[in-house]
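Provided herewith is a single structure, encoded as structure tokens, for subsequent inquiry.
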Amino acid sequence: MPADDYLGLQQAVRQRLGLDLSHYKREQMERRLRAYAQQHGYGNLEGLAKAMGREASLGQELLSYLTIHVSEFFRDPDFFTRLRELLSTLPATKPLEVWSAGCSIGAEAYSLAMLLLEERGATMARVLATDIDERSLERAKAGVYREDELKKVDKERLRRYFVQSGTEFRVQEDLRRLITFRHHDLLQDPYPERQDLILFRNVAIYFTESAKAQVLLGFSQALAPHGLLMVGATEAILRPNEVGLRQVRPFFFARA
Ligand SMILES: C[S@@+](CC[C@H](N)C(=O)[O-])C[C@H]1O[C@@H](n2cnc3c(N)ncnc32)[C@H](O)[C@@H]1O
């Protein structure tokens, strides 16, 4: 175990989970990990690192704990209004390739799919939705949501795209089939190509500046020549040209 117990745990997390914590802001990660170790009876970071070798399920548990999954349908509705306006700039003669990067429980991907279905029709768009956290992806694939996660979905869409069962709502198959959910680590896996639209929102909040720059550069190369990257308020891009991007509207970027 290195003298610095955080670095020791970082090593254990990399070996067991393939997650490289050096790309995430240390202060926030360390605070969360120390709290976790104490609350779950591991005492300190060294205890937690040792337990990772013994307890098979601890790894996924920890990964879910470290990554923040808060999400909801049509989160920040203004973004979706802007997006609807900009959709007309994307090609209409082929199915659009759209990527929800860091999709969490799938609310963003399903919101996108509704918009695309309404604007382009079922055969003219495909959504790839990826996340590093398997538990979130399982929820996303199941497509079952609580009312509070759906409060920005209007009644018409609720009726059209969901089936209610008690207090829960299940996504209808015609929406579900537009989306492919897949495990993907933005900090180490290869990116898909020729994307018409990429959404990257509320994901980079704990990334270091260099990790964020690496991801943005990856997006600029993953975009089709006319493609658009849409970022969230937490992903402000101060010098887009340094990562191969140019700003076209607030929160929207194209390849430089
Ligand atoms: C707060 S959620 C954002 C969900 C959605 N984009 C939204 O705006 O509502 C952040 C997601 O980023 C994911 N994430 C964090 N690091 C990641 C990485 N290296 N690669 C892929 N996803 C990551 C987390 O697992 C989490 O589900």
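The values are calculated or read from the model by the stated rules, or taken from the named source; none is laboratory data. Given the structure is predicted, the values throughout are model-derived calculations rather than measurements. Cβ: placed from backbone, ideal geometry, glycine included. Neighbour counts: every protein chain shown. When the accessible area is computed, the model is the full protein with side chains, heavy atoms only, and any ligands, DNA or RNA have been set aside. Shrake-Rupley method; radii C 1.70, N 1.55, O 1.52, S 1.80 Å.
Would you be able to tell me the number of residues in segment 65-82 that are part of a helix (DSSP H, G or I), out of contact with any strand residue (DSSP E or B) (no Cβ under 9 Å at 6 or more places or on another chain) and open to solvent by 20 Å² or more (accessible area, probe 1.4 Å)?
Restricting attention to segment 65-82, the residues satisfying the condition of being part of a helix (DSSP H, G or I) are 65-66, 77-82.
Of the ones still in play, those that are also out of contact with any strand residue (DSSP E or B) (no Cβ under 9 Å at 6 or more places or on another chain) are 65, 77-78, 80-81.
After this cut, where a residue has to be open to solvent by 20 Å² or more (accessible area, probe 1.4 Å) as well, the list is 65, 77-78, 81.
Count: 4.
In this structure, is GLN172 free of Cβ contacts under 8 Å to residues at least 24 places away in the same chain and either within 14 Å of the ligand (Cβ to nearest atom) or within 24 Å of LEU87 (Cβ to Cβ) (or both)? Steps first, please.
Values: free of Cβ contacts under 8 Å to residues at least 24 places away in the same chain: yes; either within 14 Å of the ligand (Cβ to nearest atom) or within 24 Å of LEU87 (Cβ to Cβ) (or both): yes.
Yes; evaluated as a whole, the condition is true for this residue.
When segment 219-230 is examined, which residues are found to be under 19 Å from ARG249 (Cα atoms) and either of a type in the set (A, V, I, L, M, F, W, C) or outside any helix (DSSP H, G or I) (or both)? Can you show your working first?
At the first step, the residues of segment 219-230 found to be under 19 Å from ARG249 (Cα atoms) are 219-220, 223-230.
PHE219, LEU223, ALA224, PRO225, HIS226, GLY227, LEU228, LEU229, MET230, listed by residue number.
From THR123, THR180, which residue is within 16 Å of the ligand (Cβ to nearest atom) and assigned by TED's automatic domain parsing to the domain that holds ALA92? Steps first, answer last, please.
Values: THR123 fails: within 16 Å of the ligand (Cβ to nearest atom).
Sole residue among the options that is within 16 Å of the ligand (Cβ to nearest atom) and assigned by TED's automatic domain parsing to the domain that holds ALA92: THR180.
Sort through LEU137, LEU96, LEU86 and tell me the only one that's surrounded by fewer than 22 Cβ atoms within 10 Å (Cβ to Cβ), over 18 Å from PHE219 (Cα atoms) and away from the ligand (no atom under 13 Å from the Cβ).
Numbers: LEU137 fails: away from the ligand (no atom under 13 Å from the Cβ); LEU96 fails: over 18 Å from PHE219 (Cα atoms).
On inspection, the qualifying residue turns out to be LEU86.
Another one. Being away from the ligand (no atom under 16 Å from the Cβ) and either modelled with pLDDT under 95 or open to solvent by less than 50 Å² (accessible area, probe 1.4 Å) (or both): is that true of PRO225 here?
On the way: away from the ligand (no atom under 16 Å from the Cβ): yes; either modelled with pLDDT under 95 or open to solvent by less than 50 Å² (accessible area, probe 1.4 Å) (or both): no.
So PRO225 fails the test.
I'm checking my understanding of the structure. Among residues of segment 216-227 that are closer than 17 Å to VAL203 by Cβ and in contact (Cβ under 8 Å) with a residue 40 or more places away in the chain, which one is farthest from the chain's Cα centre (by Cα)?
Among those residues, the one meeting the criterion is ALA222.
So in segment 49-64, with the set limited to residues that are more than 16 Å from the ligand (Cβ to nearest atom) and open to solvent by 20 Å² or more (accessible area, probe 1.4 Å), which one is nearest to GLY102 (Cα to Cα)?
In the first step, residues of segment 49-64 are kept if they are more than 16 Å from the ligand (Cβ to nearest atom); the result is 49-58.
In the following step, the residues that additionally are open to solvent by 20 Å² or more (accessible area, probe 1.4 Å) were identified as 50, 53-57.
Numbers: LYS50: 29, GLY53: 28, ARG54: 29, GLU55: 27, ALA56: 25, SER57: 22 Å.
Only one residue fits best here, namely SER57.
Got a number for residues in segment 196-212 being more than 14 Å from the ligand (Cβ to nearest atom) and open to solvent by 10 Å² or more (accessible area, probe 1.4 Å)?
Applying the first criterion (more than 14 Å from the ligand (Cβ to nearest atom)) to segment 196-212 yields 196, 209.
Now restrict to residues that are open to solvent by 10 Å² or more (accessible area, probe 1.4 Å): 209.
The number of residues fulfilling the criteria is 1.
Which pairs do you get when a residue that is modelled with pLDDT under 95, found in segment 20-43, comes within reach of a residue that is among the basic types (Lys, Arg) and surrounded by fewer than 15 Cβ atoms within 10 Å (Cβ to Cβ), reach meaning Cβ atoms under 6 angstrom, with the pair 6+ apart or on two chains?
Matching pairs, first to second residue: ASP20/ARG14.
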